[in-house]
Amino acid sequence: MNTSDAAFYFFITVLPIAAVIGFLVKSKVQNAFNDTHWRSLPIHYAFYVGLVIALPGAIAFFFASALHLLTIYTADGIHVLVLATLLSMWGGFHSLKNVRPAFCARESVERIIRYFLISAAFISILTTIGIVLAIIFEAIHFFKIVSLWEFLTGTHWAPDDATEGNTSGMFGSIPIFAGTFMITIIAMSVAVPVGILSAVYMSEYASEHVRNIAKPALEILAGIPTVVYGFFAAITVSPLVVNFAESAGLHADYTNALTPGLVMGIMIIPFISSLSDDVIRSVPRSLRDASLALGTTNSETIIKIVLPTALPGIIAACLLGVSRALGETMIVVMAAGLRPNLTWNPLEGMTTVTVRIVDALTGDQAFDSPETLSAFGLGLVLLVITLILNFISIYVTRRFRSQYE
Amino acid sequence: MLLQFGYANDLKQGGNMNKSKISIHELKLWYDKNQALHGIDLQIAEKKITSFIGPSGCGKSTLLRCLNRMNDHISNCRIEGKVLIDNQDIYDPNVDVVQLRSHIGMVFQKPNPFPKSIYENVAYAPRIHGIASSGDDMDELVENVLKKASLWKEVKDKLHQPGTALSGGQQQRLCIARTIAVKPEVILMDEPCSALDPIASAKIEELMDELKKEYTIIIVTHSMQQAARVSDFTAFFYMGNLVEFGNTGNIFTKPQQQQTEDYITGRFG
Amino acid sequence: MNKIVSNKALKRRYRKEKIFKGAAIFALLLAASFLVFFFSNMIGKGVSAFSQAEILVDVHYSESSMKSYRKAVDKPYRKIVSRGWLRTLPMYMEDNPEVMGTTRQEWVLATADVDQYLKGYPNRLKDKHKQYIDKLQEEGKLKLAFNTGFFTRGDSKMAELAGIKSAVIGSILVLLVTLAVALPIGVMTAIYLEEFAPDNRLTQLVEVNINNLAAIPSILFGLLGLAIFINFFGVPRSSALVGGLTLALMTLPVIIITTRAALRAVPNSIREAAYGLGASRWQAVFHHVLPLAFPGILTGTIIGLAQAMGETAPLLVIGMMAYIPDSPTGFTDAATVLPAQIFTWAGESIRAYEERTAAAILVLVTILLSMNAFAIWLRKRFETRW
C-alpha cells in the first residue's frame, strides 16, 4: 500500500467519524447550554473537536508525501496510516477533554483557521520564489556549459551545431534580443500613441455614453487569446504586409518582424488605454478648471496640465505594455521567424527570446542538452528584465499616488 | 469699444455713481429639471469689490461660474437670460469662451496650483496667450505679477521649486498671481479663503484691497465678516433669488428685507 | 471688433485643438476598426467550417467490406468519400451485427477536398472528379450539412474528421484543476492579507511578490511547470493535472488581487458594527465582510479563469500540444486544450484546417467573451455604492 492509498482510506474513515463526533459534541453542549455559562457556542465546540481529530492525521500524510516527492524518504503506507490514526485518536481524546464550559473553543478554532490562511499566503510566496529558483537552477546548469559573458555578448546563435563539449560561439544571444527589442519597439510605437490618445478621447472628450461603449469594446481586444492573434498575424496580416511591401518595391519575408510587431501593438492598446484612462480621470477636476479659467483651450489644458500630471501613471502603463510585449509568446511563435537575424530591417525575418524558448523545449532533445538548457538561460534574462520593469512601474505609480490621493 | 453706464438702480441702492462692468439680466439656470437661478438682475460696478453672500445652495457660486461660463463644462446645465460685460453678451454665439476667460479670471475655493514650478505656474497662461515671448520679458512679467500678488518676497529664491510645496495661503496667492498674469479685467473669487487659516485669509483680503485699484472683483463668501470687511457692494441670495443688493454698509446696517436681516443676524444659514 | 470674440491668434489655437481632438478620435476609431476587421475576418474564415460536405451513397455492409473497408462503397465514390469515415465501418459492423449483409443508402462524409471544392476554396481534386461532383450535386446527392462532427469528434489527421471535442474536454479538466487549486489558496491569501496580516515588512514583501507574479510573462510559468512539476515532482507530462497546476499559479495573483479589492471595498463601518456587537474578528469577516465581497470575488475568479482558458504559451512548454484524437478520461491522461488545438491546426499545411482553426477560434472567443460579459454583468448587478 502506498501513501496515497493510505491517505484515501484514512480520509474516507476519519472524516465521517470526525463529523459524527462533532455533531454529538454539538448536541451535548446544546443540552447543557442553558444550565451553565459556556464560553463558546455549541457549534464552536463541534468544529474544534472535528478539526483536532482530522488535522493531525492530515498533517502526517502531508509530511509523508512531501518527503516522498522530495525523494528524501519514502515511508510505507501502512506505517503512515498507523501513525496518522494514532495522532487523530490522541487529538480526539485531547479535544473531548476540553469540551467544558470554561474552555474557549471559538478562539482555538479561529487560531486554526488563521494558520490555514497563513499557509495559503505562504504558498503564494513560494510560487514566486519557486519560479525564480527553478529558472535560476536550470540556468546555472546552462551557464556551466556556456559562459555568461559569451551568452550576453555573442552575435551567433546556432544551438543545432553545438555538440557535447564544443559550444563556443554557438550561444551568443545578441541577435535574439535584438529581434525581441525590434518587435517590442514596433509594438510600442503602435500601442503607445493609439492607447494614450484613445484614453484622452475617452476621458476628456467623449460623453459618458460613448465612453461606456468604447472602454469595454477596447477591453475585448485584451480578452482575445494570444494564440488567436498569432493565427490572425500569420494568416491575414503577414500576406498584407508582404503585398504592401512589394507594391512599394521592397522585399518582405513572410516571417518579417513588422507583422508580429503590429499585431502585438494592437493587443497592447487596451492595457495602455485602460490604465491611462484611469490615471487621467484621477487628475483632479480643479486643475482642469484652473487651467480653463485662465482662457486655455481643451487641448492646451490636456497637453500642458492634465497629461504632465498623469505622466507617472501613463509611464507605468507603458512599462507594463513593454513587459507584455517582451514576454509575449504565441504571436511571435506563429508569425515571427525561427532564425536569429541581426538586422535593422523590420521586413526581414527575425526571432525572439520567447520563440527560442518554445523551440528549445518542444524539440526532441534530452532535457539536459545545451539547447534545452539555453531556454532557461534566456528565461532568466527575460525574468530579470520583467522584474526590473515591474519595480520601476510600482515605484512610479507610488509617487503618483502619494501626490494625488 | 467700451460703453459707459450710469445706473439708476445703483443710485437708488448704493447712492454712488459707479461705472457698471457687468450687468446680468433675467438670468435663469437649470441643472436638468432643477432650477438653480430664478431670474437674476444685477449690476456689478467696475473696480470695486462685490460680494455674494447667502446660505449654502443659494446659487451664489453657480451665478459666479456663469460669469466666465465655467458652467459650460457641466453637461446637463441650461441657461437663459443675458450676461453683459462691457455691453457684450457673453452667451452670444459669436463670443469665444476661451477669449472670454482670459478677460475674466477665476480663483477657486481650494488652492489648486499646477504641479509645476512657481515660475511655470505664473508663466503658463501668458505663454499660451502670447503675452510675453522672450525669456527676459517673461522673467519680468513673472516678477511683476508675483509682486502684485505680494508673494515675491517669499518666493523669489525658490521660483523653480514646485508650487505645491508652498503653504496654503501662499498657494492661494500664487493662484491669484497666475490669474492676474493674463491681465484680466474681472477676477471671480469662489470662497478663496475657506480653506485657509485667519492669518492667511487676512493677507488675501489685504491683497484684494490692493487689487481693486486695477480689477473688478467679485467674491463669493461664507463669512459675513469678510464680506463686510472687504466689499463695496453686497448681494444677498436665497434659494436661487437675489433678495437684496446694495452698498455693503447699508446691507449690514439697515437691510430692507426681513430675510437679509435674519441671515446677517445669524437666525439661519 | 470686440475683445471677447475670436481673433486670428485664437483661430490658430483652435486649429490645434481640432487637430488634437481629431487625432484622439482617430486613435479610438483605429482601435475600433481593427476590432471590426478582426471579427469579420475570423467569421469570414471560420463560418464555413460549421457546414460539411456529405454524399448520398449506397453503403454495403458485407464480409468483403469488413476485410477491406474501401469496398463498402462503389468504385466511383471511393475517391470522394472520407477514408477516415470508411475506416470506422468494420468496427461499426462488429458492434451492430444486424446490419451485416445489407446495403443502405446513407449520407456519409465526403473528403476534405470535396468539401473545399463545394465551398469554392482551393483543393487538390482532379478535373474528372470535379465534373463528377458537379453531376452528383445536380442529382441532389451531395450537400453541405451542419457539421455536428466538429463538436462531437476529437482531433484527426483527416481534416474532414477533425473536431474540437477532446480539446474542449481537456480545457474543462484543466480549468477544474486550476479552479480547485487557485480559488481556495487565492481567496485565503487575500483574506489573510486584507483582514488579518499585521502591516509589517513580511506582509509588504508578500504584496510586492504578488504584484510581480502578475507581471511575469506566462511562458516563464511554463518553465516553472516543466522544471518543478514535471521534472521534480514527476507529474505526467501533457496531462491536465500539470496544465491545471501551471495555470493555477498564473491565475493565483488575479484572484488574490481582485479578492483583496472586493474586501477593501467593504467599508470599515461594517466591521466596526460587528465588533461593536461582540463579534470576533473572524466572525466579522466570515458573517459580514465575505458575503458582501462575494460578487467581487466571483467576478475576479471568472476573469482569472477566462484568462487561463485562453492561455497557450506555458502549455506548449509542458507538452500540451500533443495530438490527442480521443478525449482524456482523467486528470493524468495526456490532454490538449482548445487554444493549443488552435495552435496545432494553425500549423497544418492543408487548407481545410484553416477554416477549422478559424471556427475553433470563434468557439473559443465566444466562450471567453461570454465569461467576461457574465463577470461584468455580475459586477454591475451586485455593485453597491457605500
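One table, with the values for the structure above:
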| read-out | value |
| --- | --- |
| Set A:ILE118, A:ILE125, A:ILE112, A:ILE140: member being closer than 23 Å to A:VAL381 by Cα and at pLDDT 85 or above | A:ILE140 |
| Test: residue in the range C:376-386 that is open to solvent by less than 60 Å² (accessible area, probe 1.4 Å), modelled with pLDDT under 95 and in contact with an Asp or Glu (Cβ under 9 Å, 6 or more places away or on another chain) | no |
| Pair list, Cβ under 7 Å, 6 or more apart: the range A:116-145 residue under 14 Å from C:ILE191 (Cβ atoms), other residue in a helix (DSSP H, G or I) and among the aromatic types (Phe, Trp, Tyr) | A:LEU117/C:TYR192; A:LEU117/C:PHE196; A:ILE118/C:TYR192; A:ALA120/C:TYR192; A:ALA121/C:TYR192 |
| Total residues in the range B:31-47, condition within 18 Å of B:ILE218 (Cβ to Cβ) and either among the aliphatic types (A, V, I, L, M) or not in a strand (DSSP E or B) (or both) | 8 |
| Unique match (being away from chain A (no Cβ under 14 Å), aromatic (Phe, Trp, Tyr) and surrounded by 21 or more Cβ atoms within 10 Å (Cβ to Cβ)) among C:TYR192, C:TYR132, C:TYR117 | C:TYR117 |
| Residues within the range A:179-219 that are touching a Pro at 6+ places or on another chain (Cβ under 8 Å), surrounded by fewer than 20 Cβ atoms within 10 Å (Cβ to Cβ) and hydrophobic (A, V, I, L, M, F, W, C), tallied | 0 |
| Boolean, A:TRP90 is closer than 22 Å to A:TYR115 by Cβ and touching a residue at least 24 places away in the same chain (Cβ under 8 Å) | yes |
| Considering residues of the range C:253-285 that are over 13 Å from C:GLU194 (Cα atoms) and outside any helix (DSSP H, G or I) only, the residue farthest from the other protein chains (Cβ to nearest Cβ) | C:LEU277 |
| Whichever residue in the range C:286-295 is aliphatic (A, V, I, L, M) and within 14 Å of chain A (Cβ to nearest Cβ) and, among such residues, is surrounded by the fewest Cβ atoms within 10 Å (Cβ to Cβ) | C:LEU290 |
| Residue within the range C:296-305 that is assigned to a loop (DSSP other than H, G, I, E, B) and open to solvent by 30 Å² or more (accessible area, probe 1.4 Å) present | no |
| Residues within the range B:90-120 that are among the small types (Gly, Ala, Ser), in contact with a Gly (Cβ under 7 Å, 6 or more places away or on another chain) and facing another protein chain (nearest Cβ under 9 Å), tallied | 1 |
| Given (1) outside any helix (DSSP H, G or I); (2) open to solvent by 50 Å² or more (accessible area, probe 1.4 Å); (3) more than 14 Å from chain A (Cβ to nearest Cβ), number of the condition C:GLY154 does not satisfy | (2) |
| Qualifying residue in the range A:323-344 (condition: acidic (Asp, Glu) and more than 13 Å from chain C (Cβ to nearest Cβ)) | no |
| Helices (runs of 4 or more DSSP H) fully within the range A:1-109 counting 1 or more residues that are among the basic types (Lys, Arg) and out of contact with any Lys or Arg (no Cβ under 9 Å at 6 or more places or on another chain) | A:3-32, A:77-97 |
| Number of the condition not met by C:ALA227 [criteria: (1) open to solvent by 20 Å² or more (accessible area, probe 1.4 Å); (2) modelled with pLDDT under 90] | (1) |
| Within the range A:220-254, considering residues that are open to solvent by 60 Å² or more (accessible area, probe 1.4 Å) and not aromatic (Phe, Trp, Tyr), the one farthest from the other protein chains (Cβ to nearest Cβ) | A:GLY249 |
| Qualifying residue in the range A:99-118 (condition: more than 14 Å from chain C (Cβ to nearest Cβ) and buried (at least 16 other Cβ atoms within 10 Å of the Cβ)) | yes |
| Given (1) closer than 17 Å to B:HIS103 by Cα; (2) crowded, with 17+ Cβ neighbours inside 10 Å, number of the condition B:ASP72 does not satisfy | (2) |
| Filter result for C:ASP95 (open to solvent by less than 50 Å² (accessible area, probe 1.4 Å) and of a type in the set (Asp, Glu)) | no |
| Enumeration of residues in the range A:283-310 that are among the acidic types (Asp, Glu) and either more than 7 Å from every other protein chain (Cβ to nearest Cβ) or touching a strand residue (DSSP E or B) at 6+ places or on another chain (Cβ under 9 Å) (or both) | A:ASP289 |
| Test: residue in the range B:121-137 that is away from chain A (no Cβ under 12 Å), among the small types (Gly, Ala, Ser) and in contact with a Pro (Cβ under 6 Å, 6 or more places away or on another chain) | yes |
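Yes or no, residue by residue, for (1) of a type in the set (Val, Ile, Thr); (2) open to solvent by 10 Å² or more (accessible area, probe 1.4 Å):
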site: A:LYS304; (1), (2): no, yes
site: A:ALA317; (1), (2): no, no
site: A:MET334; (1), (2): no, yes
site: A:ASN341; (1), (2): no, yes
site: A:VAL355; (1), (2): yes, no
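The values are calculated or read from the model by the stated rules, or taken from the named source; none is laboratory data. Please read these numbers as outputs of a predicted model, since none were measured by experiment. Positions of Cβ are backbone-derived with ideal geometry, glycine not excepted, and every protein chain shown enters the neighbour counts. In case anyone asks, the SASA skips ligands and DNA or RNA and just uses the protein heavy atoms, side chains included. Shrake-Rupley method; radii C 1.70, N 1.55, O 1.52, S 1.80 Å.
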